1. What nm value, rounded to one decimal, do you get for the distance between ALA67 and THR112 when each label is placed 7 Å out toward the C-beta?
2. Order 107-115, 12-20, 46-54, 25-33 from most to least packed using the mean count of other Cβ atoms within 10 Å.
3. Quick check: convex hull of the Cα atoms in the chain, volume per residue, rounded to a whole Å³?
4. Place a label point 7 angstrom from the Cα of VAL129 along the Cα-to-Cβ direction, then list the residues of the range 50-68 whose backbone nitrogen is under 20 Å away.
5. How high is the FRET efficiency between GLN163 and LEU28 when r is their beta carbon distance and R₀ equals 22 Å, given to the nearest 0.05?
6. Just to be sure I understand the rule: take each whole DSSP H helix in the chain, project its Cα atoms onto its long axis, keep it if the span is 24 Å or more and its mean Kyte-Doolittle hydropathy is at least 0.0. Which ones pass?
7. Take the alpha carbon gyration tensor of the range 42-137, find the square roots of its eigenvalues, order them as a ≥ b ≥ c, and report rounded if a/c is under 1.5; if not, report prolate when a/b exceeds b/c, else oblate.
8. Kirkwood Rh and Cα-based Rg: tell me the resulting Rg over Rh for the range 93-175, rounded to two decimals.
Amino acid sequence: MIKSSAPAARGARPLTVTATALTATVALYMALVAFGNITDFGTNQQFVRHVLAMDTTFEDDDLMWRAITGRALQDTAYVLIIAWETAAALVLLAATWLWVRRDTPRARTLSTYGLLMVMLLFGAGFIAVGGEWFAMWQSKDWNGLDAATRVFTLSGLVLLVVQLTTREEPATARP
């Protein structure tokens, strides 16, 4: 391995550059998802309505009591999802800006919060609540579990990289 004689603080650190790029990637993805749901409201509105109504599941009487068929409640849930997506995108965009400015501690903190928001939405919201509670896994037409798992996994990997940037920080002298 070739070691540089230049101090690490002068140049970009590999994990920091990686954390910046990956945070920006998830920020872009979430911004595009939120933008798409706002500008093409009806497409995913139908998705949310069908998942909550459980109308394309096996319609087992032991599960159907969970269904939410009221349009107002379905649409409220959809608007809350979009608001959460938008907030996560904004937090991650701000984190990306902090990474670019080399404000690593604040960038790491905001990235952690933004990625946690994404993981909660896709993990707790879509995989657990949508997939299990509303039996989305039973639907051939309205099943978003594969996509949710991909986003959850990507966000988790980015979160790990973000946390690893602490290894690049210079050690502080202890008294």
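1. Modelled inter-label distance: 4.4 nm.
2. Top of the packing list down: 107-115, 46-54, 25-33, 12-20.
3. 155 Å³
4. Within reach of a label on VAL129, which here means backbone N under 20 Å from a point 7 Å along Cα→Cβ, the range 50-68 contributes 50-57, 63-68.
5. 0.60
6. Helices meeting the span and hydropathy rule in the chain are 14-39, 71-100, 145-164.
7. Verdict is prolate for the range 42-137.
8. 1.18
Coordinate-derived values only; no laboratory data. Predicted model only: the values in this text are computed from it and were never measured. A quick note on method: Cβ atoms are made from the backbone with ideal geometry, for glycine too, and the neighbour counts reach across all protein chains shown.
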